[in-house]
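The values are calculated or read from the model by the stated rules, or taken from the named source; none is laboratory data. Values in this document were obtained by computation on a predicted structure and should not be read as measured data. Positions of Cβ are generated from backbone atoms using ideal geometry, with glycine treated the same way; all protein chains shown enter the neighbour counts. Heads up: the accessible areas ignore ligands, DNA and RNA and are worked out on the full protein's heavy atoms, side chains in. Shrake-Rupley method; radii C 1.70, N 1.55, O 1.52, S 1.80 Å.
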Amino acid sequence: MRIPFSSLFVTSPFEGLQEHAEKVKECAWAYQQGIECYVTDKCESFEKFRHEVIRLEHEADAIKRRVRGHLPKNTMLPVSKFLIFRYIREQDCVLDSVKDSLNWLSYRPQNAIPKELEKDFFLLVDSVVTPIEELSAMVQEAREYFSTFSEKQRIKAKEIIATMRSLEHEADICEDRLNRKIFTCDADPITVMHLLKLTEITGSIADHAENAGDMMRAMLAK
Amino acid sequence: MPETVVLIAGFLLGFYMSWNIGANDVANSMASAVGAKAITVRQAVVIAGVLNIVGAVFIGSHVTQTIRKGIVSTEVLADPHMALVGALSALLAASLWISFATWRSLPVSTTHSIVGSMIGFGIMASGFSVINWGKLGQVVASWVISPVFAMVLSFLMFKFIVGLILSREDPFERAIRWSPLFVGIAFFVVLLCFLFKTPLGKTFSISTPMALSLAFGLALIFGFIGKFLLVKFIPSDNPDGTEEVFRKIQIGTSCYVALAQGANDVANAIGPLALVYFLVKDGNVGASLPVPWFLLLFGGIGIALGVAMAGERVMKTIGEKITTLTNTRGFAVDFSAATTVMVASKMGLPVSTTHAAVGGVLGVGFAGGVDAVNVGIIGKIVLYWVLTVPAAALTSMFLFLILEPIL
C-alpha cells in the first residue's frame, strides 16, 4: 500500500553531489600531502599518495555514475537536470586534474622541480587546494537552500561562489608568476617543458572548481 | 440458513473490512507528522483512532449512500436474497484483495476495492445491464479529478508558503505573523464540513451563507487562539522556528485528514454491512434509508482497532521513507489531500485518500520543493489503481458463485 509514496521519490541528486564533493575534498588533502612528499622527501611516499588519489578518483567516479544513473527521464527536479550533469562533470574534472597533476609529476621521479621554484610551486598548489575545500561547503549550503528556500541561505551559497571566483583569480596570479620564473631559471629544456605542463595542469584545478561554482550559481538562479 | 448467522457473518466481514482500512489507509493521515517527529507513534494511533471514529459517526453517512446503491441499480438490490449474497461477497472480496495487496505492498485503494467488488456482484446477479454506467463513470472521473485537484492545491499552497514565509529575511517571525491564516483555513474547511454534512447542521437548519459566515468567524477566532498558543509554546530563539511552527500546525492538519478519512472510508466497510443489516431486519431495503449511527460507530471502531493493531508498521514505513517531506511541505500535502477528500465526499464521490495524497506530494514536487520526484512511477500507480477494480470484481464474482447456493 505504501509503495507509491516511497517510490515517488528517487535518490536525491544533491545527496550524491555532496558525497562526490566530500571525495574531492579528501583528494585535495592527499594531493597536498603527495606534493609535499615529492618535494621534501624526494619521492619516499609520493607513490602512496598518488595511488590514494587514484583510488579516491575511482570511488568518486562510482558516485558520479550513480547520480547519473538515478536520474531517469521521468525524474522531476527543482533545478534543470542538464545543470546537475554539467555540475557533476565539472566537479569530476577537478578530481581528474588533481590526478593528472600527480601523474605528470610521477613521470619524472627525481628533481623535477628546481630548488628556487619550490616555494612558488607550493604557493600554486595551496592556491588551487583552497577553492576545492570551498566546494563541499558550497554544495552543503546550496542543498540547504533547496530544502528551505530561505533567501539567507541562497546568499550564503552565492557568497561562497564569489569567494571561489576570487580564489581562482589568485591561483591564476600564482600560475603566471611561476611561468615567468620557469623561463628565467637556469634549467635544462626537458625540465622547463615538464614544469610548464605541470603548472598548466595544476592551474586548471582551480579553473574547474570555479566552473563548478558557476554551474551551481546557475542552479541557484531564481 | 438462520438470519442471525447471516447477520453475524455480515458484522464479522464488515469488521474485517474496516480493520483493513485502518491498517492501511490511516498511515496517510498520520505518517507525515510521525515522520517529522511531531508526535510519537503511540500518540498517532490514539489520535487517528479517535478521530476516525468521530469522522465516521458524524460525517460518514453521506458517502455510504453512494456505495450502497449508486453503482448497482436498485432492481437487483430489491431482491433480498440477491442483495444479501452480493453484500457479503462484496465485503469479503474487497477485504481479501486489500489484505493481499497489503501483503504484496501493492498500491491499491480500499474505495476502489469495494466499488470493484460491487460491480462484480452486479454482473453476476443479472448481467452488465444492471450497472449504473453513469455513476461508474463519475467514480472513474474522481480517480483523475482528485489527484489533479490535490496536486494543484498543494502546488499553490507550497508556492504561497515559500513566497510568504520561507524566502523572506525573517521566516520565523513571518511564520508566526501569518500563522492565524494557516490555522484558520484548516479550521474553516473542517467547520464547513461539520455544518454542511452532519446532523449538527441539519438540526440547526443552517443555510449555506449562514454556515459560511459562521465557519469563517469561528476559523478567525481559532486562528488567533492558534497564534497565541504558538507564540507561547515555541521559544523565539529556536533556530528551526519556521519548521517548528508548521510542525505544530501539521499535527492539526493530520487530525483533519484522519477526520476526513473516517468520514470517507468508513463507507467502504459499512455500506455493504448496512445493506445486510436492513435486509435481515426488515426483509427489504427502501429507496433511501439513513445509515444508523451505531453501524458507523462500529465501522469507526473497526478502523481504530486496525490502526492500533497494524498501523504502526505502515506508519513508520512512510514516516521514515519520505524524508524529503519537511513540515512545511507536509502541511501543504496534508491540507490539499484533506480538502480534496472533504470536497469529494460532500459531492458524494467515493474518492480515496491515497489518490489525494499522491496528488498532493506531486504538487509539492512540481513546485520544486522536493529534491527529486519520480514522475514515471505515476504510470505504475495508476495501473494498480485501474487493476484494483477488475481484480476485486473477479474475486467477488467467484465468491458469489460459492455463496449463492449456500445462502
Folded to 0 to 90 degrees: helix B:110-126 orientation relative to chain B principal axis, Cα: 20
Segments B:139-146, B:269-276 sorted - mean Cβ within 10 Å per residue, highest first: B:269-276, B:139-146
FRET efficiency, 1/(1 + (r/R0)^6) with R0 41 Å, evaluated for residue A:47 and residue A:180 via beta carbons: 0.85
Helix-only mean residue ellipticity at 222 nm for chain A, each DSSP H run of n ≥ 4 adding -39500 (n - 2.57), per residue, nearest 500: -28500 deg cm²/dmol
Chain pair A, B: total accessible area buried, heavy atoms, 1.4 Å probe, Å²: 3000
Cα point-scatterer Debye curve for the stretch B:212-251, base-10 log of I(q)/I(0) at q = 0.27 Å⁻¹: -0.89
Exercise: per-residue mean of other protein chain Cβ atoms within 10 Å, B:356-366: 2
Top positive-direction residue, dipole computed over chain B with Cβ charges, set B:119, B:236, B:97: B:236
Length added when fully stretched, residue A:22-residue A:54, from 0.36 nm per residue minus Cα-Cα: 10.0 nm
Per-residue HN-Hα couplings for the stretch B:344-356 [Karplus 6.51, -1.76, 1.60; θ = phi - 60°; Hz; x = Gly/Pro]: 4, 5, 5, 7, x, 8, x, 8, 10, 4, 4, 4, 4
Helix B:41-59 vs. chain B, principal-axis angle (Cα, 0 to 90°, nearest 10): 60
Mean projection area, nm², convex hull over Cα of the protein assembly as shown: 32.5
Cβ charges +1 (Lys, Arg) and -1 (Asp, Glu), total dipole of chain B, debye: 400
Residues with amide H under 5 Å from that of residue A:149, placed H, sequence gap 5 or more: none
Calculated [θ] (222 nm, deg cm²/dmol) that DSSP helices of n ≥ 4 give over chain B, each run adding -39,500 (n - 2.57): -28000 deg cm²/dmol
Members of A:64/B:37; A:23/A:152; A:115/A:158; A:73/B:37 lying beyond 30 Å, as alpha-carbon distances in this model show: A:64/B:37; A:115/A:158; A:73/B:37
Globularity index of chain A, i.e. its alpha-carbon radius of gyration over 2.2 N^0.38 Å: 1.13
Size of charge dipole - the protein assembly as shown - debye, nearest 20, with Cβ of Lys, Arg +1 and Asp, Glu -1, no other charges: 2340
Accessible carbon and sulfur surface of the stretch A:140-222 relative to its total accessible area, %, 1.4 Å: 53
Shape of the stretch A:48-171, Cα gyration tensor, a/c cut at 1.5: oblate
Solvent-accessible area per residue for the protein assembly as shown (1.4 angstrom probe, square angstrom): 41
Anchor residue A:156: aspartates and glutamates whose Cα lies under 18 Å away (excluding residues fewer than 8 positions away in-chain): A:133, A:134, A:141, A:144, A:210, A:214, B:169, B:170, B:240
Chain B: angle of helix B:312-321 to the longest principal axis, Cα-based, in degrees nearest 10: 50
20 Å reach of a label modelled at residue A:192, 7 Å along Cα-to-Cβ, counting backbone N of the stretch A:112-129: A:112-121
Principal axes of chain B: Cα extent on each, largest first, Å: 72, 49, 37
